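Colleague: Submitted below is the structure of interest, expressed as structure tokens.
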Amino acid sequence: MKKIPIKTKPNLNVDFAGIKLKNPVLTASGTFGYGEEFAEFVDLNKLGGVIVKGISLEPIKGNPPPRIWETPSGMLNAIGLENPGVEVFLTEKLPYLRQFDTAVIVNIFGYSLDEYIKVVERLEGVRGISGIEVNISCPNVKAGGMAFGTDINATSELLSTIRKATTLPIIAKLSPNVTDITEFAKAARDAGCNGLSLINTLLGMAIDIRCMKPRIANCTGGLSGPAIRPVAVRMVWQAAKAVTLPIIGMGGIMTGEDALEFIVAGASAIAVGTANFVNPRATIDILDGMEKFLIEQGVGNIQDLIGKVSVR
Ligand SMILES: Cc1cc2nc3c(=O)[nH]c(=O)nc-3n(C[C@H](O)[C@H](O)[C@H](O)COP(=O)(O)O)c2cc1C
């Protein structure tokens, strides 16, 4: 059927778990710093929101180099969650971001339940924070280093305890390194989370066969970029069928059409990660690409596309 292009700009507004987004384009945590690093390239007022780099209770130096290795259609990283800690974030990073008309979502993590809770409590009541994204792909030191996000009981306990510690919307950022993503989506829902983010990076490894050493000092790292997009789209689709929570879809989004693939799979918003390393203006180019597609296809409202994949 021939599509009739629309003459006015499409409505891109999204209400994500009560967080008002002027459009569905967000930045993926850890790939856009605290916004200021990209402000030379991107007018932050144009973004739906900024999800900041992961914040912990205390400052973390991160892993020794090399921390990044480029792979076919993606990259491996083991930054080691380097960050200045929650106090420096609140005094030095958030005031800058607060100047802009964009939602600020704070990505947090900890190495124990107690650490997560302390960060969440410190964010409570702070002006200019729209929501908390909880990175559950973090080793639980007290449970032998197994990631919270790959153990269903640890995920449930972590998220339900965080839920009780804050009034802010909580978005659970799920790990893709699990057999059945829907179990974890349901655990997040049952814990009282308000939304989901998926996916985080997939665990990978690359080896230099000349010196017989891993390419990154940490041996293994997180794989991101276009290589993981089909896995991410599949998981967003499965999670959207399993729960009614709104989803932020991410994983290898490079263009507006890639972003819309996630929306049609069931995401209400999307986040741009690795693309920022290739093109610092990627968020804006992706937003423009989404808008262009909607105009060409005669779609007046982005909401009309959410979860509209037709499966026979
Ligand atoms: C260099 C780098 C650092 C990242 N740091 C974080 C982080 O601090 N917290 C987090 O939840 N995810 C982090 N991620 C994961 C991304 O937010 C995103 O989920 C993942 O990279 C998939 O999206 P992409 O393929 O568009 O990059 C990081 C990814 C990269 C590449």
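Colleague: Let me check I have the definition right: for the range 122-199, take the eigenvalues of the Cα gyration tensor, multiply each by 5, take square roots. What are those semi-axes in whole Å, largest first?
Modeller: Ellipsoid semi-axes (Å, largest first): 21, 14, 11.
Colleague: Taking only DSSP H segments of four or more residues, each worth -39500 (n - 2.57), what value at 222 nm results for the chain once the sum is divided by all its residues, to the nearest 500 deg cm²/dmol?
Modeller: Helix contribution divided over all residues of the chain: -8000 deg cm²/dmol.
Colleague: Still on this structure: Express in % the proportion of alpha carbon pairs of the range 190-245 at distances exceeding 15 Å.
Modeller: The share of Cα pairs beyond 15 Å in the range 190-245 comes to 61 percent.
Colleague: Taking every pair of distinct Cα atoms and averaging 1/r, then inverting, what Kirkwood hydrodynamic radius in Å comes out for the range 139-291? Don't jump to the answer; show the numbers that get you there.
Modeller: Details: mean 1/r = 0.0605 Å⁻¹.
Result for the range 139-291 stands at 16.5 Å.
Colleague: Debye sum, Cα scatterers, the chain, no solvent: what log₁₀ I/I(0) at q = 0.08, 0.10, 0.11, 0.13 1/Å?
Modeller: These q points yield log10 I(q)/I(0) values of -0.33, -0.52, -0.63, -0.90.
Colleague: In square angstrom, what is the accessible area per residue of the chain with a 1.4 angstrom probe?
Modeller: 45 Å²
Colleague: If you don't mind, there's one more thing I want to ask. Let me check I've understood the local charge: for residue 65, count other residues with C-beta under 12 angstrom from its C-beta, Lys and Arg +1, Asp and Glu -1. What total comes out?
Modeller: Details: positive: 61, 67, 215; negative: 82.
Charge balance near residue 65 sits at +2.
Colleague: Right, here's the next one. Residue 272's amide H: which non-local residues (gap 5+, or another chain) put their own amide H closer than 5 Å, with H modeled 1.01 Å from N in plane and none for Pro or chain starts?
Modeller: 26, 27, 28
Colleague: Let's test the formula: R0 of 30 Å, r as the Cβ-Cβ distance of residue 203 and residue 241. What FRET efficiency results, to the nearest 0.05?
Modeller: Using R0 = 30 Å, I get an efficiency of 0.75.
Colleague: For labels at residue 70 and residue 58 in the simple 7 Å Cα→Cβ model, what's the distance in nm?
Modeller: 3.7 nm
Colleague: Something else about it: Based on the Cβ-Cβ distance of residue 15 and residue 87, what FRET efficiency does E = 1/(1 + (r/R0)^6) give at R0 = 22 Å, to the nearest 0.05? Present the calculation step by step, with values, prior to reporting the outcome.
Modeller: Working: r = 32 Å, r/R0 = 1.44.
In this case the efficiency is close to 0.10.
Colleague: Quick check on my link table: of 93/186; 61/142; 142/173, which ones sit more than 23 Å apart, alpha carbon to alpha carbon?
Modeller: Details: 93/186 33 Å; 61/142 21 Å; 142/173 21 Å.
Violating the 23 Å Cα-Cα cut-off are 93/186.
Colleague: Continuing with the same structure: Which of the trypsin sites (Lys or Arg not before Pro) found in the range 74-145 are loop residues per DSSP with 10 or fewer other Cβ atoms within 10 Å of their Cβ?
Modeller: Filter output for the range 74-145: 127.
Colleague: A further question on this structure: Pop out the carbon and sulfur fraction of the accessible area of the chain as a percent, whole number, probe 1.4 Å.
Modeller: 54 percent
Colleague: For residue 308 and residue 141 in the same chain, what is the full-extension length gain: residue separation times 0.36 nm, less their Cα-Cα distance, in nm?
Modeller: Here the answer is 56.0 nm.
The values are calculated or read from the model by the stated rules, or taken from the named source; none is laboratory data. Keep in mind the model is a prediction, meaning the values are calculated, not measured. Note: ideal-geometry Cβ built from the backbone for every residue, glycine included; neighbour counts use all protein chains shown. Side chains included, ligands, DNA and RNA excluded: accessible areas come from the protein's heavy atoms. Shrake-Rupley method; radii C 1.70, N 1.55, O 1.52, S 1.80 Å.
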